[in-house]
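A.B. asks: Mind having a look at this structure? Questions to follow.
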Amino acid sequence: MKSIFVVLRALTYASIFVGLVLVFVPARLISWSGIARPESIGAVGMVGAAAVIGGAALALWCVLTFAFVGRGTPAPFDPPRRLVVRGPYRFVRNPMYIGATLALAGASLFYRSPPLLAYTLLFVAVTHVFVVAYEEPALTRMFGADYELYRRRVRRWRPWGRGPDAGANGSSDA
């Protein structure tokens, strides 16, 4: 029963985030800029749609991993109780944000929307600052040496490559 409650909490918080940041704001941008749904999809639209689906699937995988493995949610006020290093977090430290970015970039392709692309780039910049300034210090306080070890083993944004670009603290944060 407790697991069901955690999953419901995680899905509720994720739905609020997705609803606002990934649906409501982009829909307003598309509407305000006068962009309509394309009459024909074409190759670019298909790539965009695939990116939206892939990004959404990755984000959902992350939310469920937070709930089942971490016993928490993606919300900063209800974080996982355990350090999550399984699922997509084995490959990269911030897969949920990568999934959201992929979905936004895919939507900008699907709609061929420069304003939505600009919003995607703003999302990436704000997310990076949030991760570096808030999330990483908070995770260090919560999980200490375990998180520091994870930081040294797993990159912040890219799942491939190690070594030469490791930061001064020894983490590979590209």
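The values are calculated or read from the model by the stated rules, or taken from the named source; none is laboratory data. All values reported here derive from a predicted model rather than from experimental measurement. Note: ideal-geometry Cβ built from the backbone for every residue, glycine included; neighbour counts use all protein chains shown.
A.B. asks: Considering only residues that are in contact (Cβ under 8 Å) with a residue 12 or more places away in the chain and small (G, A, S), look in the range 6-50 and name the one that is surrounded by the most Cβ atoms within 10 Å (Cβ to Cβ).
C.D. replies: Looking at the filtered set, the residue picked out is A10.
A.B. asks: Can you pull out the helices (runs of 4 or more DSSP H) entirely within the range 1-98 that have at least 3 residues that are at pLDDT 95 or above?
C.D. replies: In the range 1-98, the matching helices (runs of 4 or more DSSP H) lie at 42-68.
A.B. asks: Pick from F130, F110: which is surrounded by fewer than 20 Cβ atoms within 10 Å (Cβ to Cβ), of a type in the set (F, W, Y) and part of a helix (DSSP H, G or I)?
C.D. replies: The unique qualifying residue is F130.
A.B. asks: Among the residues of the range 51-91, which ones are touching a Phe, Trp or Tyr at 6+ places or on another chain (Cβ under 7 Å) and in contact (Cβ under 8 Å) with a residue 60 or more places away in the chain?
C.D. replies: Answer for the range 51-91, where residues must be touching a Phe, Trp or Tyr at 6+ places or on another chain (Cβ under 7 Å) and in contact (Cβ under 8 Å) with a residue 60 or more places away in the chain: G72, T73, P74, A75, D78, L83, V85.
A.B. asks: Every residue in the range 56-76 that is of a type outside the set (A, V, I, L, M) and either in contact with an Asp or Glu (Cβ under 9 Å, 6 or more places away or on another chain) or within 11 Å of R9 (Cβ to Cβ) (or both), please.
C.D. replies: If the condition is that a residue be of a type outside the set (A, V, I, L, M) and either in contact with an Asp or Glu (Cβ under 9 Å, 6 or more places away or on another chain) or within 11 Å of R9 (Cβ to Cβ) (or both), then F66, R71, G72, T73, P74, P76 are the ones that fit.
A.B. asks: Which residues, taken from the range 119-151, are over 20 Å from the mean Cα position of the chain (by Cα) and on the phi < 0 side of the Ramachandran plot?
C.D. replies: R141, M142, F143, A145, D146, E148, L149
A.B. asks: Next question. How about the range 110-150: which of its residues are among the basic types (K, R) and touching a residue at least 24 places away in the same chain (Cβ under 8 Å)?
C.D. replies: Selection gives R112 alone.
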